[in-house]
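I have placed the structure first, in the form of structure tokens, so that the comments after it can refer back to it.
The values are calculated or read from the model by the stated rules, or taken from the named source; none is laboratory data. As the structure is a computational prediction, the values presented were derived from the model and not from experiment. All Cβ positions, glycine included, derive from the backbone under ideal geometry; neighbour counts span all protein chains shown.
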Amino acid sequence: MSILKKAIQIPTVIAHYAMNAFDKYKSESNMTREWEKLTIHPSAIKTLKQTLTEQHEEKKSVSSLQPAEQTLIRQLKQKMITHNRNNITRTKAYLDFYNQHPEVQWALLAHLVSRNGGWNMTDLKGELTEAISNDRKKYFFQFLESANALIFYDAYPQLLLYEESKKQNKNLFHLLPYFHVSRFMIPVWNYFYKKKDSKFLTVSLIINEQHYIEMRVIQNKYFQSNVLNTLLFQAQELFQFTQVLFPYKYSNKKKRLAGISVANFASVSERIMVGKQLYAMLFGLTPLHENIYWFATETPHTGSRSDYWSTTFTAQKKKRTKRTSPCGFKQTIYSPYLTDVWQDTPHTFTNHKDWFQTFDSRVFSYYNEVLTPNSFDITTNYCRILKKLYVGALTYKQAKKFG
């Protein structure tokens, strides 16, 4: 019997598993480690510690600034408001910035993580979460949207000030306090402006942004009661929260998924560690970096998971085509465009408390090194989770139909 005939006789699930396992091995074995590990130079950490210890400068009133600086602050704040409309505009703004300033590697990382935030938002209105009440969906969306918007509110003005500093050939980071940016970041940006140490800047931004949302979202009593402490959230696989996905080009016709599993989203230490691991994976492996960047630039972000697998997901609820997907599904799963299912949410950013009010040496432990992963392809594991969700959704539909 020919190999082809034997293959045809293998059950579809096993065939897809075998194919995915082979593709995973082939993809990972072809990678070159540009970084053995993500390491921050000790001199950068030493400079940061020393500067933060000696830092006493108080923010002056805006009126005491030069007229040109006052105008610049107003312009950058307006630009931030314009791009902070929703997850789609934020995600695009990160990528647009990275394309202009690739030395700020955090911007590409933020773009890809923000894509995941959008996918999680539309999952709440998709086919796989119909068993969840509308009120619960609203709480979860508010949680995701708040984290996404707050990080952008804090980080994007920092990026814009760097861009303006390059344009004027002049360090403008003394203006960071007028955007309510933590004092932790001022010496970081000053150091980066001189040394162009991308790793130090990226890890510092990861530390800063996760602490920023820790006190505003994770420790928020409303979100703790309605999201974080619910059994629904603690069964995170329901929302695919456990997987942070970076789609990448595998061949002309295939996109596979790189990524990392998140065990405890509510832990700031866990989120920082995952951020660093994602960063090491994104920039430490070649040609994975190029293949992920290809996806980012070639695929506009819509919030629908059809962005990365159009044969598995569809944004058209009434158009359910039968196709062969990477996970072996015979029919596409509804995953809507974000702007079709969620309206823009107005935000009031009134909490300007600095998370780094007093010097805390424990923060510097987050600069510890991280190994660049040997294994990064999670396509098979993602398919396993997706199948569980799909079976659960079908079971709910049948029970509802006959109940």
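Any idea which residue in the range 323-340 is modelled with the highest pLDDT, counting only those that are hydrophobic (A, V, I, L, M, F, W, C) and assigned to a loop (DSSP other than H, G, I, E, B)?
Within the range 323-340, the match that is modelled with the highest pLDDT is C327.
Across the range 185-244, what is the number of residues that are within 27 Å of F349 (Cα to Cα) and among the acidic types (D, E)? Adding up the residues that qualify gives 2. Per the listing L161, L176, L205, the residue uniquely more than 17 Å from L48 (Cα to Cα) and part of a helix (DSSP H, G or I) is L161.
Against the conditions (1) under 30 Å from Q224 (Cβ atoms); (2) hydrophobic (A, V, I, L, M, F, W, C); (3) within 23 Å of the chain's Cα centre (by Cα), A131 satisfies every one except (3).
Here is the figure for the range 245-280: residues that are surrounded by 15 or more Cβ atoms within 10 Å (Cβ to Cβ), among the aliphatic types (A, V, I, L, M) and in a loop (DSSP other than H, G, I, E, B) total 2.
Has the range 303-314 got at least one residue that is more than 19 Å from I207 (Cα to Cα), more than 23 Å from the chain's Cα centre (by Cα) and surrounded by fewer than 21 Cβ atoms within 10 Å (Cβ to Cβ)?
Yes: one or more hits.
Report yes if some residue within the range 373-396 is touching a residue at least 24 places away in the same chain (Cβ under 8 Å), surrounded by fewer than 16 Cβ atoms within 10 Å (Cβ to Cβ) and under 30 Å from L38 (Cβ atoms); otherwise report no. Checking the range 373-396: at least one residue is touching a residue at least 24 places away in the same chain (Cβ under 8 Å), surrounded by fewer than 16 Cβ atoms within 10 Å (Cβ to Cβ) and under 30 Å from L38 (Cβ atoms). In the condition set (1) assigned to a helix (DSSP H, G or I); (2) farther than 24 Å from L201 by Cβ; (3) of a type outside the set (S, T, Y), F283 is compliant with all but (2).
Before we move on, is L76 at pLDDT 95 or above, assigned to a helix (DSSP H, G or I) and under 23 Å from Q277 (Cα atoms)? Even if it seems obvious, please write down each step before you answer.
Numbers: at pLDDT 95 or above: yes; assigned to a helix (DSSP H, G or I): yes; under 23 Å from Q277 (Cα atoms): no.
Considered against the rule, which asks whether it is at pLDDT 95 or above, assigned to a helix (DSSP H, G or I) and under 23 Å from Q277 (Cα atoms), L76 comes out as no.
Tallying residues that are basic (K, R) and under 26 Å from M31 (Cα atoms) within the range 347-403 yields 1. Among the residues of the range 179-235, those that are at pLDDT 95 or above and among the small types (G, A, S) comprise S182, S198, S204, S225. Summed over the range 53-73, the residues that are of a type in the set (A, V, I, L, M) and modelled with pLDDT under 95 give a count of 2. Checking L205, L232, L150, L228 one by one, the residue that is buried (at least 21 other Cβ atoms within 10 Å of the Cβ), out of contact with any Ser or Thr (no Cβ under 8 Å at 6 or more places or on another chain) and not aromatic (F, W, Y) is L205 and no other.
Using the structure shown, decide if K317 is under 20 Å from K388 (Cα atoms), at pLDDT below 95, of a type outside the set (D, E) and in a loop (DSSP other than H, G, I, E, B). It is false that K317 is under 20 Å from K388 (Cα atoms), at pLDDT below 95, of a type outside the set (D, E) and in a loop (DSSP other than H, G, I, E, B). Just wondering, is there one or more residues in the range 370-390 that are under 22 Å from K138 (Cβ atoms) and either outside any helix (DSSP H, G or I) or in contact with a helix residue (DSSP H, G or I) (Cβ under 7 Å, 6 or more places away or on another chain) (or both)? For the range 370-390, residues under 22 Å from K138 (Cβ atoms) and either outside any helix (DSSP H, G or I) or in contact with a helix residue (DSSP H, G or I) (Cβ under 7 Å, 6 or more places away or on another chain) (or both): present. All conditions in (1) under 30 Å from R256 (Cβ atoms); (2) without any contact (Cβ under 8 Å) to a residue 60 or more places away in the chain; (3) part of a loop (DSSP other than H, G, I, E, B) hold for P346, with the sole exception of (1). Looking across the range 252-276, the residues that are more than 26 Å from Q224 (Cβ to Cβ) and either small (G, A, S) or touching a residue at least 24 places away in the same chain (Cβ under 8 Å) (or both) come down to K254, K255, R256, L257, A258, G259.
Within the range 79-101, the residues that satisfy the criterion of being part of a helix (DSSP H, G or I), farther than 20 Å from F173 by Cβ and among the basic types (K, R) are R90, K92. When each of R115, R90 is tested for being buried (at least 23 other Cβ atoms within 10 Å of the Cβ), within 13 Å of the chain's Cα centre (by Cα) and closer than 17 Å to M281 by Cβ, the lone residue that passes is R115. Listed by first and then second residue, the pairs linking a residue in the range 112-135 that is in contact (Cβ under 8 Å) with a residue 40 or more places away in the chain and assigned to a loop (DSSP other than H, G, I, E, B) to a residue that is surrounded by fewer than 23 Cβ atoms within 10 Å (Cβ to Cβ) and of a type in the set (K, R), with Cβ atoms under 8 Å apart and 6 or more places separating them unless they lie on different chains, are L124/K137; K125/K137; E130/K397.
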